[in-house]
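A.B. asks: Before I ask anything, let me first share the structure, which is written out below as structure tokens.
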Amino acid sequence: MSRAAQPTGTTGTLVALVVAASTTTDDAVDAFVATLTAAGGDVRVVDLRPTGIDPQARPPRVVRAVNVVRSGARAARRWDADGRALAVAARVVVAADRPAVRAVWATRGWTSAALVNGVPAGVRSLR
Amino acid sequence: MTTPPHLLYLAWGFPPSRAGGVYRALATVNAFASAGWDVTVVTAQRETFERFTGADPSLEDRVAPGVEVVRIPFEWPAQETDIRRYSRLRATLPPVWSRLRRRRDTVSFPEPSYGPWRRPLTAAAQAVHERHPVDLTVATANPHVTFAAAHALHRSSGVPFVMDYRDAWRLDVFTGAVTAVPRSRVGRWESRLVAAAHEVWFVNEPLRAWHAEQYPSAAARMHVVENGWDPDLLTLPVPRTPHEGPGLRFAYLGTVTPKVPLDELLAGWQLALERGLVPAGSTLTLGGHLGYFAVPQGRLAEALADAAGSGVRYAGPVAKAEVSAFYAAADVLVLALGSGRYVTSGKVYEYVAAGRPVVAVHDPANATTAVLAEHPLVARVAAVTPDEVARALGEGATLARDVSPDATERLAVLATSLRRDRQLAPRVEALTEQVAR
């Protein structure tokens with residue numbers, strides 16, 4: 001499931017960028033990659049987003065809260081072998097959105113990488 | 001020889017924090033120090049700013065010599081970004097964790113995230129007083145928990161305190177909506193604090209008037225202490241760097257928050273170029289953070305990237321040391337602000353000091369309008385629409401073409417009156433006299 005590992009051609013610190021929310025668009029992912037790359041990261045994307053969901057949909061707040069919990073739990077089960085290998089090899093694993101936090105938290109037992117919430121924190125960890 | 005009076009200054013954000021309110025805190029502390037006070041600041045640990053808000057260590061060098069800075073721990077679990085530190089509850093049920101956290105935060109003081117700081121801050125203030133008796137406390141908000149600590153010292157030891165509001169507690173400054181009714185916990189706390197305060201300061205008259213209406217018995221103790229420009233950060237007169245090529249250099253400097261009417265500004269810029277209201281080859285450069293964080297906010301960055309073909313350039317964040325150079329490379333400044341009659345811009349004072357024509361792209365009811373009232377070179381919009389923005393940009397271009405010596409002189413006088421130390425001086429003098437009695 002991971003859209004893992006499109007090398008960016010740089011030789012910086014290996015960063016695994018984990019995206020898991022259906023609302024995170026490809027444009028946003030590209031912007032995150034660009035930001036982390038500019039900070040010196042060699043960024044690979046682990047794409048745990050569900051398919052077939054309209055990213056523009058804006059359900060009510062309560063539903064969104066439930067969705068965060070559900071999509072986080074599902075994303076945590078969606079790690080495949082490539083994604084796991086990348087998380088193990090990376091120096092930094094960045095959760096790009098809220099459901100990704102749950103997925104990244106799940107890696108704490110099998111990677112020694114820094115696990116950070118949010119791209120700004122990812123940038124800081126690369127400094 | 002008399003003993004100098006002792007000021008206790010309570011602020012969450014203080015150098016090396018680089019948040020906007022820090023410059024007011026720094027200037028206030030330095031103003032009291034230069035008026036002969038012993039000054040002790042109680043603030044959060046450096047690590048708080050390094051980890052969460054961003055830090056500029058050079059700002060610490062600007063604290064007046066002799067000022068003692070006491071740093072106490074500040075826990076900020078909601079802003080924790082190290083996922084390894086997350087509990088199972090936080091990772092698996094984040095909405096539940098957030099709700100419980102918020103409830104816990106507000107047990108001792110009704111201010112999410114900052115409430116738990118009340119106890120350590122109060123204890124630190126008391127310890128300072130026991131070591132070196134305090135004559136006056138100035139607490140700056142937000143966060144408002146600093147007011148509670150000042151109040152506690154007042155109750156325990158009779159130390160008078162000043163509440164310095166950089167924002168408002170019960171009022172949304174953008175919408176004008178009341179966010180907490182008088183009977184709420186926040187309302188009751190504010191009422192109690194204002195009643196006990198020696199003085200209450202506000203950054204603009206609309207905010208003072210709103211609070212005076214809420215607390216009429218304290219109205220006489222309420223003062224406007226405007227923001228201002230910092231002479232040690234901006235050298236006047238701002239020179240003009242040589243400019244090759246046609247057109248004028250329009251520039252905006254400041255954080256581009258979602259409140260800034262960026263879409264209207266960019267659409268207005270496009271119209272102004274198409275209609276020939278600004279000279280061909282003119283550029284619009286924007287400097288500052290995009291959004292509240294160090295990493296650019298995507299949508300804003302995309303909007304600027306889309307406008308790149310029209311001479312719009314994003315220069316990125318501008319360090320304090322580079323502010324003069326940024327203004328030097330501008331012919332016309334563009335002040336784009338969110339709406340709201342209670343909104344004050346910190347940047348407007350620098351804009352005045354920079355001595356350039358200003359295109360004011362904001363709601364005319366905005367409190368900033370008053371700051372620019374005496375400015376001889378302002379092009380104002382009647383409403384924040386692309387058409388009006390285009391018209392005002394054209395007017396700004398006309399103003400820039402022929403700046404008279406009289407306008408330059410009037411602008412210099414206005415800039416002098418808006419120095420930050422001039423805003424603080426009346427209150428520092430008055431308080432120094434009162435403490436000496």
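A.B. asks: Looking only at residues in region B:229-280 that are outside any helix (DSSP H, G or I), within 17 Å of B:Val358 (Cβ to Cβ) and among the small types (Gly, Ala, Ser), which one is modelled with the lowest pLDDT?
C.D. replies: Filtering region B:229-280 for residues that are outside any helix (DSSP H, G or I), within 17 Å of B:Val358 (Cβ to Cβ) and among the small types (Gly, Ala, Ser), the one modelled with the lowest pLDDT comes out as B:Gly254.
A.B. asks: Which residues, taken from region A:88-107, are within 10 Å of another protein chain (Cβ to nearest Cβ) and not in a helix (DSSP H, G or I)?
C.D. replies: Across region A:88-107, the qualifying residues are A:Val93, A:Val94, A:Ala95.
A.B. asks: Can you pull out every residue in region A:69-91 that is open to solvent by less than 10 Å² (accessible area, probe 1.4 Å) and touching a residue at least 60 places away in the same chain (Cβ under 8 Å)? Talk me through it step by step, then tell me what you get.
C.D. replies: Filtering region A:69-91 down to residues open to solvent by less than 10 Å² (accessible area, probe 1.4 Å) leaves A:72, A:75, A:83, A:87, A:90.
If the condition is that a residue be open to solvent by less than 10 Å² (accessible area, probe 1.4 Å) and touching a residue at least 60 places away in the same chain (Cβ under 8 Å), then A:Gly83, A:Ala87, A:Ala90 are the ones that fit.
A.B. asks: B:Val41 passes all but one of (1) of a type outside the set (Lys, Arg); (2) part of a strand (DSSP E or B); (3) under 20 Å from the mean Cα position of the chain (by Cα); (4) more than 22 Å from B:Val203 (Cβ to Cβ); which number fails?
C.D. replies: Among (1) of a type outside the set (Lys, Arg); (2) part of a strand (DSSP E or B); (3) under 20 Å from the mean Cα position of the chain (by Cα); (4) more than 22 Å from B:Val203 (Cβ to Cβ), B:Val41 violates only (4).
A.B. asks: Is it the case that B:Ala367 is open to solvent by 50 Å² or more (accessible area, probe 1.4 Å) and either in contact with a helix residue (DSSP H, G or I) (Cβ under 7 Å, 6 or more places away or on another chain) or modelled with pLDDT of 90 or more (or both)?
C.D. replies: No; evaluated as a whole, the condition is false for this residue.
Matching residues to (1) touching a Lys or Arg at 6+ places or on another chain (Cβ under 9 Å); (2) more than 30 Å from B:Glu429 (Cβ to Cβ):
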| position | (1), (2) |
| --- | --- |
| B:Gly20 | yes, no |
| B:Tyr23 | yes, no |
| B:Thr43 | yes, no |
| B:Arg46 | yes, yes |
| B:Phe52 | no, yes |
| B:Glu60 | yes, no |
| B:Val63 | no, no |
| B:Val70 | no, no |
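A.B. asks: When the residues of region B:78-114 are filtered to those that are under 26 Å from the mean Cα position of the chain (by Cα) and facing chain A (nearest Cβ under 9 Å), which remaining residue is nearest to B:Trp169 (Cα to Cα)?
C.D. replies: My answer is B:Glu80.
A.B. asks: Got a sec? Which of B:Pro258, B:Pro237, B:Pro216, B:Pro182 is open to solvent by 50 Å² or more (accessible area, probe 1.4 Å) and under 19 Å from the mean Cα position of the chain (by Cα)?
C.D. replies: Residue meeting the stated conditions: B:Pro258.
A.B. asks: Still on this structure, please answer the following. Is it fair to say B:Ser17 is out of contact with any strand residue (DSSP E or B) (no Cβ under 9 Å at 6 or more places or on another chain) and either of a type outside the set (A, V, I, L, M, F, W, C) or more than 15 Å from B:Val128 (Cβ to Cβ) (or both)?
C.D. replies: No: the conditions fail for B:Ser17.
A.B. asks: Here's a follow-up. Got at least one residue in region B:329-344 being in a helix (DSSP H, G or I) and not assigned by TED's automatic domain parsing to the domain that holds B:Ser34?
C.D. replies: No, region B:329-344 contains no residue that is in a helix (DSSP H, G or I) and not assigned by TED's automatic domain parsing to the domain that holds B:Ser34.
A.B. asks: Taking the stated definitions as given, is B:Ala177 over 28 Å from B:Arg437 (Cβ atoms), under 24 Å from the mean Cα position of the chain (by Cα) and hydrophobic (A, V, I, L, M, F, W, C)? Steps first, answer last, please.
C.D. replies: Working: over 28 Å from B:Arg437 (Cβ atoms): yes; under 24 Å from the mean Cα position of the chain (by Cα): yes; hydrophobic (A, V, I, L, M, F, W, C): yes.
In short, yes.
The values are calculated or read from the model by the stated rules, or taken from the named source; none is laboratory data. Everything numeric here is computed off the predicted structure, so don't read it as measured data. In this analysis, Cβ positions are derived from the backbone assuming ideal geometry, glycine residues included, and neighbour counts consider all displayed protein chains. All accessible areas refer to the heavy atoms of the entire protein, side chains included, with ligands and DNA or RNA removed. Shrake-Rupley method; radii C 1.70, N 1.55, O 1.52, S 1.80 Å.
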